[in-house]
Amino acid sequence: MTAEAPPAVAVDKSQDSAPVSGVRAWLSRHPLAAYAIRRFGLYLIELWGALTIAFFFFRLMPGDPIQTLIQTLQQNYIYNAQASAEIIARYKHEFGLDGNLLTQYLVYMQKLILHGDLGPSLINYPTPAQTVILRSLPWTIGLLGISAVMAWILGVVIGAIAGWRRGKLGSAIATNLSIALSHVPYFFVALILVYVFAYSMGLLPARSAYDSNINPGISFAFIGSVLKYGLLPGLSIVIIGTFSWILSTRMLMIPILGEDYLVYAEAKGLKNSRILTRYALRNCYLPQITAFGISLGFIFNGNVLVEQLFSYPGLGTTLVTAIQQLDFNTILGVTDIAIFSVLTAVLLLDLLLPLLDPRVKYWK
Amino acid sequence: MRLLTAVLRTIRNSRRLATGLVILALLVLVALFSPLIVKAVGGGQDPIELAAYDKWQVPGPQHLLGTDQFGRDVFAMVVKALAVSLQIGAIAGVISTVVGVIVAFVAGYKGGWIDNVLSTFTGILLVIPTFPLLIALSAYAKNVSLFQVGVMISIFSWPFAAKTIRSQVLSLRTRPYVDLARVSKARDIEIIVTELLPNLLPFIGVGFASSALGAIFGLVGLEIIGLGPGGVIDLGQIIFNAIGTGALTLGAWPMFVVPIALLTLLFAALNMVNIGLEEVYNPRLRGVAGE
């Protein structure tokens, strides 16, 4: 950074100089690596914990997937499975439901970790659940990823300005609007948008993710259609997301405003815009990066309903379909994928933070 | 009495908190009088009985918000549903606040490995997407009562309360008056109840407001995919009906706009209470340091 970087909190450079040997010595000489290793260890524990909670949560719930499967097969193929003990045993094995709970858990985890195998799905039997999920994953990542990042950028910028120009009318409007709307489900906005733009004005499509007359592929027509169909669901996430980021950024901004280094910058005769972008904003967008990772799970929750409303072929719609058919493996698989994605995103952001923020001192 | 005046002074000092509480009180009043309002709308008969009136009537003096696909009066339905939504918020809010407070106190006060385990667990529940777990739970638990749904939702909303309160317990634990109580041989439970709890009331309020918010949010989500409790109508279910019966294409906008507006008002009020309380007890948020 340039010499103008904010003279923020002074970093204590003195390290515990304990003369230790081997690994510990290396770690104390490479504090960043030590931090990364510890953070990665925590990630593994969290991931294991979350996947285990999810597994037992679904296994301890009442409901008999084999019975459901046989019913589904009967309905779909008029397959007269007089559920003999043999057939049930075979399916139980295939779905990883034989043995006691602990064996089931170990088998499930082994398959998941070693082969990325989530077991056969029910909604699309015998396609494995991971295939069903991987088909819908890009849609969710595209929709949710782009709109969440856009909401974050917009919210942080507007929130910083709202905090900076506190007391002005525009700032007051933005703040109060954010307080009123930041906790509204995305779904509400989506519904209003659909009503206005799709049904009343007929401008934009209300269902699906692309025009079914266009062949999916890398072509301008297809990409254009994806963008057009993604506009309304994306917009509903961006609007509400922006409001909640405005609110929290403003909350971070206001305590910073009286700091000495800002007074000094002003006394030095720097332009207001420069003080805002180089001095104040840099101190409040960093915590927001961490907050972004933490909010991803919450954003995913809201996204499920938005996808459902638009019949968007992403994870949310797959999840709801799977739940309606009591498809254990797919439900658990979607939950696992969501957990994995969110925790990994948080890990990456945490590892990125020391590179962005010179003050962060995780090692000790 | 002293507590009451303190509360009143707090409310007078924060316009945001006061506005939130007034809106909340109005909504609760409407909910409390909902049986009377429904009766008045029906004028002798039950306005939310199936086929009470003609189907799909447009809003007019007879039916302020029109009627739905079964010929029920939408206004009466909305009023009654508001009461249900508020009940769920209250039930789940109380349960998750109690659980959150207990976890926060045990973790924050005891510290050590107990705190590590509990905080990691809370952190995991906060970060992972829990909505799939909630919908799965309610898909299997068919025909549940309102109270049971409240309990189910609390399973996922207590971490919000726990996290807020734990950080406050951590900072209060080291205050001199707590040390004083400790050297004067007060028992842990005495310290928690007489020294810590009163100072944490506003944060418990914040915890309650945010978990009530999360609970209503969760129930609306469940209703919208058709997995709510049976036998009762809440605001989410009216929205679900509106989508399912094509009210959007028929132009019957009151059926989804009014519930959405009411819920938005409720969310706004709870959020105002939240932020108002935080601002009152954390002056750094109100003004600017050094001014």
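The values are calculated or read from the model by the stated rules, or taken from the named source; none is laboratory data. A quick note: this is a predicted structure, and the numbers were derived from the prediction, not measured. Neighbour counts run over all protein chains shown; Cβ positions are idealised from the backbone, glycine included.
How many residues are touching a residue at least 60 places away in the same chain (Cβ under 8 Å) and more than 10 Å from chain B (Cβ to nearest Cβ) if we restrict to the range A:177-211?
The qualifying residues number 5.
Do we find a residue being away from chain B (no Cβ under 14 Å), outside any loop (DSSP other than H, G, I, E, B) and either at pLDDT 75 or above or within 32 Å of the chain's Cα centre (by Cα) (or both) anywhere in the range A:70-92?
no
Working carefully through the options B:F131, B:F147, find the one that is of a type outside the set (A, V, I, L, M) and crowded, with 17+ Cβ neighbours inside 10 Å.
B:F131
Looking at the range A:172-192, which of its residues are closer than 20 Å to A:L143 by Cα and surrounded by fewer than 21 Cβ atoms within 10 Å (Cβ to Cβ)?
A:I192 - this is the single residue of the range A:172-192 that is closer than 20 Å to A:L143 by Cα and surrounded by fewer than 21 Cβ atoms within 10 Å (Cβ to Cβ).
Please state which one of B:T249, B:T245, B:T164, B:T174 is closer than 20 Å to B:N274 by Cβ and modelled with pLDDT under 80.
Result: B:T164 is the single residue among B:T249, B:T245, B:T164, B:T174 that is closer than 20 Å to B:N274 by Cβ and modelled with pLDDT under 80.
Out of everything in the range A:307-319 that is surrounded by 20 or more Cβ atoms within 10 Å (Cβ to Cβ) and closer than 19 Å to A:S341 by Cα, what residue ends up being nearest to the other protein chains (Cβ to nearest Cβ)?
A:L319
Suppose the filter is among the aliphatic types (A, V, I, L, M), over 10 Å from the mean Cα position of the chain (by Cα) and surrounded by fewer than 24 Cβ atoms within 10 Å (Cβ to Cβ); does B:L196 pass it?
So B:L196 fits the description; yes.
(1) away from every other protein chain (no Cβ under 14 Å); (2) in contact (Cβ under 8 Å) with a residue 60 or more places away in the chain; (3) under 25 Å from the mean Cα position of the chain (by Cα): which one isn't true of A:F95, the others all being true?
All conditions are met except number (3).
Yes or no, residue by residue, for (1) hydrophobic (A, V, I, L, M, F, W, C); (2) over 26 Å from A:F300 (Cα atoms); (3) over 23 Å from the mean Cα position of the chain (by Cα):
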residue: B:P202; (1), (2), (3): no, yes, no
residue: B:F208; (1), (2), (3): yes, no, no
residue: B:I224; (1), (2), (3): yes, no, no
residue: B:I233; (1), (2), (3): yes, yes, no
residue: B:G236; (1), (2), (3): no, no, no
residue: B:N241; (1), (2), (3): no, no, no
residue: B:A261; (1), (2), (3): yes, no, no
residue: B:Y281; (1), (2), (3): no, yes, no
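Which pairs turn up if I take residues in the range A:324-343 that are in the same structural domain as A:L97 (by the TED database) and look for partners that are acidic (D, E) and surrounded by fewer than 24 Cβ atoms within 10 Å (Cβ to Cβ) with beta carbon separation below 8 Å, at least 6 apart in sequence or on another chain?
Listed by first residue and then by second, the contacts come to nothing, as the list is empty.
So the check is Cβ under 6 Å with 6+ separation or different chains; which pairs have a first residue in the range B:74-90 that's under 16 Å from B:L213 (Cα atoms) and a second one that's hydroxyl-bearing (S, T, Y) and in a helix (DSSP H, G or I)?
B:A83/B:S34
Filter the range B:84-130 for residues that are under 12 Å from the mean Cα position of the chain (by Cα), within 14 Å of chain A (Cβ to nearest Cβ) and over 16 Å from B:I155 (Cβ atoms) and give the result.
Once the filter is applied, which keeps residues that are under 12 Å from the mean Cα position of the chain (by Cα), within 14 Å of chain A (Cβ to nearest Cβ) and over 16 Å from B:I155 (Cβ atoms), the range B:84-130 yields only B:S85.
Go through the range A:93-118 and give me each residue that's surrounded by 13 or more Cβ atoms within 10 Å (Cβ to Cβ) and assigned to a helix (DSSP H, G or I).
The answer is A:E94, A:Q104, A:Y105, A:V107, A:Y108, A:M109, A:K111, A:L112.
How about the range A:217-264: which of its residues are small (G, A, S), away from chain B (no Cβ under 14 Å) and under 20 Å from A:A162 (Cα atoms)?
A:G241
Can you tell me which residues in the range B:131-159 are aromatic (F, W, Y), facing chain A (nearest Cβ under 10 Å) and in contact (Cβ under 8 Å) with a residue 24 or more places away in the chain?
B:F131, B:F156
Looking at the structure I just gave you, is B:G207 more than 10 Å from chain A (Cβ to nearest Cβ) and at pLDDT 75 or above?
Judged against the criteria, B:G207 is a match.
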